[in-house]
Amino acid sequence: MKKTKFFEIHQNLGAKIVEFAGYLMPIQYSSIIAEHKAVRNSVGVFDVSHMGEVFVSGKNALEFVQYITVNDAAKLEVGKVQYSAMCYEDGGIVDDLLVYKISDEQFMFVINASNIEKDFSWMNKNNSFGVTLENDSDDYSLLAIQGPNSKEILQKICDKNLDIEYYSFISAKIGGYEMLVSRTGYTGELGYEIYFNGDEKIAADVWNKIFDSGKNYNIQPVGLGARDSLRLEMGFCLYGNDIDKTTNPLEAGLGWITKLNKKNFIAKESLKKIKSEGLKRKLVALSSDEKCFPRHGHELSVDGKIAGHITSGTVSPVLNKAIALAYLDANYFYSSSKVNFLIRGKEIRAEIVKLPFLKK
């Protein structure tokens, strides 16, 4: 198992450590609900250094990015970030990712930890553009500082103005260290993600300076448990749960990042065919006022028939109700019948709702 450069800090804070995507990572420190609410109400800090960073460089960098991702990277300006995905030829999803445009000839892909080797292999397999691909995942530490007070806390130790637009980034010094500061996150709150190099001593210094700056805001360390419940309240997909090689971006509600009118890209023809033939299922948002705990793998039923399955589920700590993402069969897209969670053989009434679950 790999360890991030913050591992000793997590241990000293008494975090519950679990194996995740080849890393030993904190799942929680105090409680998932308390950490979740800290982010919604003030600020929380996540160690997400397990995420992957791959750099694409060369005169044909844009052409490569255009070919291997489904979104239109030609619209990206330097200093901007784009949510996108890579697909196999049949339309199945290799991974969802963030694309950073560093310069006209350099991009950074931020990819999921469990997919780093697979993604890098896929990129190399499809590199007919003469670009240089560098997997620098092990060199970077990544902290996400998320919550309504995140800007005030970081601004005190940052040498540049943090009034940057959503899905934009700058180079700046935080705590005296040069880093990439991005207005992104997986929580739906105001927040930043900071990428930097350095050993455990530098990582600890950055962590401590952030927490010193936030001590009057009840800043809290947050584990992967609350990260999952926070993203689910916003309806954000999680690779391995809601999307994978057996799902395509159109049925996963990611049609908005899938630019079928873009020049040739991997899976374009397959995705056009899937769209023209009509979706056989789609990812929907469901909630229930009944007391229950929907989980990944639970089935859905309509009129006594199996109608789909849950991909992500929890009880929202803010809404205090059951929420879930699930694939629903096409036969029931427009059904007036109620959809039910099928939990331990019991049907529990649910309803299809619009995302996000938590309206901001």
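Values in this text are rule-based calculations from the coordinates and carry no lab data. Just so we're clear, the structure is a prediction, and the values are computed from it rather than from any experiment. Counting neighbours? That spans all protein chains shown, and the Cβs are built from the backbone with ideal geometry, glycine included.
Among the residues of the stretch 115-170, count how many are among the basic types (Lys, Arg) and in contact with a Leu (Cβ under 8 Å, 6 or more places away or on another chain).
Taking the stretch 115-170 as the starting set, the residues that turn out to be among the basic types (Lys, Arg) are 118, 125, 151, 156, 160.
Checking the rest, the ones that are also in contact with a Leu (Cβ under 8 Å, 6 or more places away or on another chain) come to 151.
Here the count works out to 1.
Any idea how many residues of the stretch 107-121 are over 12 Å from the mean Cα position of the chain (by Cα) and crowded, with 17+ Cβ neighbours inside 10 Å? Spell out the reasoning first.
First, pick out the residues of the stretch 107-121 that are over 12 Å from the mean Cα position of the chain (by Cα): 107-109, 114-121.
Pick out the ones that are also crowded, with 17+ Cβ neighbours inside 10 Å and you get 107-109, 114-116, 119-120.
Of the residues in that region, 8 qualify.
Between a residue in the stretch 1-22 that is over 12 Å from Ala113 (Cα atoms) and any residue that is acidic (Asp, Glu) and surrounded by fewer than 14 Cβ atoms within 10 Å (Cβ to Cβ), which pairs come within a Cβ distance under 9 Å, given they are 6 or more apart or on different chains?
That search, which allows pairs on different chains as well, returns Met1/Glu19; Lys5/Asp199.
Anything in the stretch 189-206 that is farther than 14 Å from Asp139 by Cβ and either surrounded by fewer than 20 Cβ atoms within 10 Å (Cβ to Cβ) or among the charged types (D, E, K, R) (or both)? List them, or say none.
Correct list: Glu189, Leu190, Glu193, Lys201, Ala204, Asp205.
Kindly provide the set of residues from the stretch 314-347 that are among the small types (Gly, Ala, Ser) and without any contact (Cβ under 8 Å) to a residue 24 or more places away in the chain, ordered by number. Break it down stepwise before answering.
The first filter runs over the stretch 314-347 and keeps only residues among the small types (Gly, Ala, Ser), leaving 316, 322, 324, 326, 330, 335-337, 345.
Matches in the stretch 314-347: Ser336, Gly345.
Can you name every residue in the stretch 56-77 that is in contact with a Ser or Thr (Cβ under 8 Å, 6 or more places away or on another chain) and at negative phi? Quick ask: steps written out before the conclusion?
The first filter runs over the stretch 56-77 and keeps only residues in contact with a Ser or Thr (Cβ under 8 Å, 6 or more places away or on another chain), leaving 56-58, 69-71, 73.
Result: Val56, Ser57, Thr69, Val70, Asn71, Ala73.
Residues that are of a type outside the set (Asp, Glu) and over 23 Å from the mean Cα position of the chain (by Cα), at least 3 per element: which strands (runs of 3 or more DSSP E) completely within the stretch 138-244 meet that?
Numbers: elements: 141-146, 169-174, 177-182, 191-196, 220-222.
So the answer is 169-174.
Rundown of residues vs (1) among the aliphatic types (A, V, I, L, M); (2) within 21 Å of Pro26 (Cα to Cα); (3) surrounded by fewer than 22 Cβ atoms within 10 Å (Cβ to Cβ), yes/no style:
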site	(1), (2), (3)
Asn208	no, yes, yes
Asn216	no, no, yes
Val222	yes, yes, no
Glu233	no, yes, no
Trp256	no, no, yes
Lys259	no, no, yes
Asn264	no, no, yes
